[in-house]
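Right, one structure below, let's go through it.
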Amino acid sequence: MMKAIRFHEYGGPDKLITDDIPIPEPGAGQVLVKVSAAAVNPWDWKFRSGRYKDAIPAKLPVIPGIEASGTVVKTGPDVEGFQPGQAVYGSMMESYAEYCVAPADQLFLKPDILSFEEAAAIPVASQTAWSTIIEIAGLKEDQRILIHGGAGSVGIFAVQIAKWKGAYVYATASAQNLDFLRSQGADRVIDYQVNRFESIVTDVDVVLDTIGGEIQERSWRVLRKGGILVAIVSPIPAGKAEKYGVRGAYRNSGISKEGLLQIQRLVNDGTLKPVIRKIFPLSDAGLAHIMGEKGHGRGKIVLKVS
């Protein structure tokens, strides 16, 4: 048996409770992982709240979590490259638990330079940043990019990836994160509480919109003709990009295998570095969700499991 955080009905953070349930068995192509740390993502609390219950109905009760780190315990049939005792990280569904099973092709060996908490904070945010600005936007050396919410979990990786690519990076953030983002490689950081970004930024090749709403609406004007805005929160209204002579894309798909491998290489050589906002014990998952839903933090919230 193992301890797991589950919700038996949709609702607020108080619906997250600790249950004792059987340890799962890995199937074909899967790995059983003893979880050390699980990251907290917006998907987790939106799913718990019932926001997606019509589009993606769940068979309750459900264990939240989509990424984690830990140690391989057992492998299922047809798994190569992993063996018990190896430290791993990657995409792991239902990871708010002492054990979880994960597809072997979504796991990577954890480098010694990372703690388990740091490793758990990498997969989703880094893959989102990579797929949006590299695979969708096609960011190139010497291009200019504006990253909204630069101190958020996706924004931090986007800044790091853009600088690795050789782009000039604008990023928006609150006052307490200005120096931090400069340390991550941003060339110009804009305090959104003091300045309107469109009064500073012009003719950029790429806008990464991690916020949506008014911010997305104001961002079209800062793109050069033929530039692209990639959104990860709010879909782009039909005809909006064409009105400004630019392109628009909404990231709602995964990442290529080559993208996954490149991220792993950048993590291993220290180019991509996760930032932890706060670590909670697994039993305080509800408090972690409350902090996450408030937003405006720096980096990732992580649950320490073992």
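The values are calculated or read from the model by the stated rules, or taken from the named source; none is laboratory data. As the structure is a computational prediction, the values presented were derived from the model and not from experiment. Using ideal geometry, Cβ is built from the backbone for each residue, glycine included, and neighbour counts are taken over all protein chains shown.
Mind listing whichever residues of segment 135-168 are outside any helix (DSSP H, G or I) and either among the β-branched types (Val, Ile, Thr) or under 14 Å from the mean Cα position of the chain (by Cα) (or both)?
Hits for segment 135-168 are Ile145, Ile147, Gly149, Gly150, Ala151, Gly152.
If a residue must be in a strand (DSSP E or B) and buried (at least 18 other Cβ atoms within 10 Å of the Cβ), how many such residues does segment 251-279 contain?
2
Which members of segment 227-250 meet the condition of being among the aliphatic types (A, V, I, L, M), more than 30 Å from Leu107 (Cβ to Cβ) and outside any strand (DSSP E or B)?
Ile236, Ala238, Ala241, Val246, listed by residue number.
I'd like to check something: does segment 184-197 contain any residue that is modelled with pLDDT of 95 or more, assigned to a loop (DSSP other than H, G, I, E, B), over 22 Å from Gly297 (Cα atoms) and of a type in the set (Asp, Glu)?
No: segment 184-197 contains no residue that is modelled with pLDDT of 95 or more, assigned to a loop (DSSP other than H, G, I, E, B), over 22 Å from Gly297 (Cα atoms) and of a type in the set (Asp, Glu).
When you go through (1) modelled with pLDDT of 95 or more; (2) buried (at least 22 other Cβ atoms within 10 Å of the Cβ) one by one for Gly152, which number turns out not to apply?
(1)
Scan segment 198-220 for residues that are within 23 Å of Ile134 (Cα to Cα) and in a loop (DSSP other than H, G, I, E, B) and jot them down.
Selection gives Val201, Thr202, Asp203, Thr210, Ile211, Gly212.
Return yes or no: is Pro26 exposed (fewer than 15 other Cβ atoms within 10 Å of the Cβ) and either touching a residue at least 40 places away in the same chain (Cβ under 8 Å) or farther than 29 Å from Val233 by Cα (or both)?
Judged against the criteria, Pro26 is not a match.
Matching residues to (1) closer than 15 Å to Ile147 by Cα; (2) out of contact with any strand residue (DSSP E or B) (no Cβ under 6 Å at 6 or more places or on another chain):
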site	(1), (2)
Ala171	yes, no
Trp220	yes, yes
Ile232	yes, yes
Glu242	no, yes
Arg247	no, no
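With respect to Ile56, determine if the residue is out of contact with any Lys or Arg (no Cβ under 6 Å at 6 or more places or on another chain) and surrounded by fewer than 17 Cβ atoms within 10 Å (Cβ to Cβ).
Taking the combined requirement at face value, the residue satisfies it.
Just one of the numbered conditions (1) in contact with a Leu (Cβ under 7 Å, 6 or more places away or on another chain); (2) under 22 Å from Gln160 (Cα atoms); (3) of a type outside the set (D, E, K, R) is not true of Gly254; which one?
(1)
Given the criteria within 26 Å of Ser174 (Cα to Cα) and without any contact (Cβ under 8 Å) to a residue 40 or more places away in the chain, does Gly150 qualify?
So Gly150 passes the test.
Keeping to segment 288-306, report how many residues are closer than 24 Å to Thr71 by Cβ and out of contact with any Ser or Thr (no Cβ under 8 Å at 6 or more places or on another chain).
4
Working carefully through the options Ala55, Ala97, find the one that is more than 29 Å from Leu261 (Cα to Cα), small (Gly, Ala, Ser) and out of contact with any helix residue (DSSP H, G or I) (no Cβ under 7 Å at 6 or more places or on another chain).
It is Ala55.
Are there any helices (runs of 4 or more DSSP H) wholly within segment 32-134 with 2 or more residues that are over 21 Å from Arg277 (Cα atoms), under 21 Å from the mean Cα position of the chain (by Cα) and β-branched (Val, Ile, Thr), and if so which?
none
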